[in-house]
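Below you'll find the structure, written out as structure tokens, and then a few comments.
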Amino acid sequence: MSARWRAGADESARWLAVATAVAVPLPTAWVGITSGLFLLAWLAGGGFAAKGRALWAHPVARASLLLCGLFLLTVAWSSAPLKLALDGWGHYRELLLLPLMIAVLQTAPDPLRWGQRLLYGFLLSFAFALLWSYLQWFGWVPIYGGIGIYGAFSGHIGFSIMLAFVVFAGFRLALQDRPRRALWAVFALLALFNLFFVNTGRTGQLLFFFLVPLALFQLWRWRGLGLAMLVVAGLSGGLYALSPNFQERVTAAVGDIHAYQAGNSSTSWGLRLEFWNNSLQLAAEAPVLGQGMGGFVTAYTALADQQGLTGDHRADNPHNEYVMVLVQTGGLGLALLLWLFAVQWQQSRGQAIAQALWLLIVVGCLFNSFLLDNLEGHFWATMSAALYLRARAGTGGAQA
């Protein structure tokens, strides 16, 4: 394999990594195509020793790869059939995609520039998705595939998570990029309005209120954190009064919890609480190594049969990433997942948007299986690749 061929293949892999970030807010099939082509170009470039060294030297890539490897290892003792177990592992392919992206991007002459291309590529693509969401809201274009409510090409939950991230990123870029400050500010405000007045994803709305204290802490440290209590209270009260959409979502959540306390679990939050309670029972059966990949479905099905659960009460995931990992890979897998998140936090020092991504995912995983889900998983992997690259000796550039 000639040096020219390897360089061309690696350059193609880098642009395909950018294309994958661009594809995240677009129709689901697109990200599958771009990430598949990225893998082919990555393999065609060879140089596996150099890529392996770059991968292993990067703390985030190394932690992600080890977690991915453990998940694959649990297939060996899974309670599920082999096909189901391998399919379960395949849902976590983003844990492999992230280190592969870091390996090829980190070996580029200017890694930070490539990270910016991934970030800005995603933001540009999301601007189109945001426009499409508003067109759906106005009734000028149909709801894509019947998915979600005004979620452009995504479900309302995944779209709301990206909205919360874009609000924060737009706000930070407005502070940093003076020539385009007004453009970033308008982008952030349009995303904010959509999040609370158009979209119906409670997860993104909740996560926004976690990002506000982070933003103020980054600006004014502990004084900002104290101010955040007042800001969050004022924003939540104002939005509750002004947005029928937000008011309905809050009222529904409170009603769901009260219904669950009264013995009715057939609500959105009631089902989640039931899933978590039953899942912890399953985790107790194999606390160290878990049920194995794909084991959640078989174990929960057996438990549902014992309890006489039917319909929506029969879960294929508990809508909590930590619980999902605990059930399938035990305490060992949960420890590695927490280590991955801890490494990401440590590596995000001084990088405002990287810290926002970290908080978004760490808190969001309490309410949904973000790494398991296709959209959220690719969003996490591509934005982590964008924001956790490190400058090489002799190169400049700034990380957002």
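What follows draws every value from the coordinates through simple rules; no lab data is involved. Since the structure is predicted, the reported quantities are computational estimates derived from the model, not experimental observations. Cβ placement follows ideal geometry from the backbone for every residue including glycine, while neighbour counts extend to all protein chains displayed.
The length gained by stretching the chain between TRP276 and PHE210 to full extension, at 0.36 nm per residue less their Cα-Cα distance, is 21.5 nm. When the Cα gyration tensor is reduced to axis lengths a ≥ b ≥ c, the ratio a/c is 1.5 or higher for segment 157-287, and with a/b above b/c it is classed as prolate.
To the nearest 20 debye, what is the magnitude of the charge dipole of segment 1-128 about its Cα centre, counting +1 on the Cβ of each Lys and Arg and -1 on the Cβ of each Asp and Glu?
On the way: 10 positive and 5 negative charges, 49 e Å.
So the dipole magnitude of segment 1-128 works out to roughly 240 debye.
Just subtract the alpha-carbon distance of ALA44 and TRP77 from 0.36 nm times their residue separation and send over the number in nm, one decimal. Let's see the in-between values first.
On the way: separation 33, 0.36 × 33 = 11.88 nm, distance 3.34 nm.
Net length gain for the segment: 8.5 nm.
Under a Cβ-Cβ cut-off of 15 Å, what is the net charge of the residues other than TRP56 that fall near it, where Lys and Arg count +1 and Asp and Glu count -1? Could the numbers behind the result be given before it?
Values: positive: LYS51, ARG53, ARG62, ARG390; negative: none.
Summing Lys/Arg as +1 and Asp/Glu as -1 gives +4.
Residue ranges 180-189, 366-375, 92-101 sort as 92-101, 366-375, 180-189 when ordered by packing (mean number of other C-beta atoms within 10 Å per residue, highest first). Report note on the peptides 4-10, 221-227: ranked by the mean count of other C-beta atoms within 10 Å, highest first, their order is 4-10, 221-227.
Would you mind working out the magnitude of the charge dipole of the chain relative to its Cα centre, with +1 at each Lys and Arg C-beta and -1 at each Asp and Glu C-beta, to the nearest 20 Debye? Before the final figure, lay out each step's value.
On the way: 23 positive and 16 negative charges, 326 e Å.
Around 1560 debye, computed over the chain.
The rule of thumb for compact globular proteins, 2.2 N^0.38 Å, goes into the C-alpha radius of gyration of segment 3-387 1.00 times.
Classify segment 305-361 as rounded, prolate or oblate, taking a ≥ b ≥ c as the square roots of the eigenvalues of its Cα gyration tensor: rounded when a/c is under 1.5, otherwise prolate if a/b is larger than b/c and oblate if not. Verdict is oblate for segment 305-361.
With 0.36 nm allotted per residue and the present C-alpha distance subtracted, the THR310-LEU131 stretch has 60.5 nm of extension available.
Backbone geometry of segment 302-313 corresponds, through the Karplus equation with coefficients 6.51, -1.76 and 1.60 at θ = phi - 60°, to 3J(HN,Hα) couplings of 5, 5, 4, 4, 5, 8, x, 7, 9, x, 5, 7 Hz, x marking Gly and Pro.
Could you tell me which of rounded, prolate or oblate describes segment 328-369, using a ≥ b ≥ c as the square roots of the eigenvalues of the alpha-carbon gyration tensor, with rounded for a/c under 1.5 and, failing that, prolate when a/b is larger than b/c and oblate otherwise? Oblate, since a/c reaches 1.5 and b/c is not below a/b.
Residues with beta-carbon under 14 Å from that of ARG172, excluding ARG172: net charge, scoring Lys, Arg +1 and Asp, Glu -1? Write down the numbers at each step before the final one.
Numbers: positive: ARG178, ARG180, ARG181; negative: ASP177.
Net of charged neighbours comes to +2.
Protection proxy ranking, highest mean first, for peptides 290-300, 336-346: 290-300, 336-346, where packing is the per-residue count of other beta-carbon atoms within 10 Å, averaged.
Between VAL288 and LEU366, the C-beta separation translates, for a Förster distance of 22 Å, into a calculated FRET efficiency of about 0.45.
For the chain, what is the calculated [θ] at 222 nm in deg cm²/dmol (nearest 500), taking -39500 (n - 2.57) for each run of four or more DSSP H residues and dividing by its residue count? It would help to have the intermediate numbers written out before the result.
Values: 16 runs with 290 residues, N = 400.
Computed mean residue ellipticity for the chain: -24500 deg cm²/dmol.
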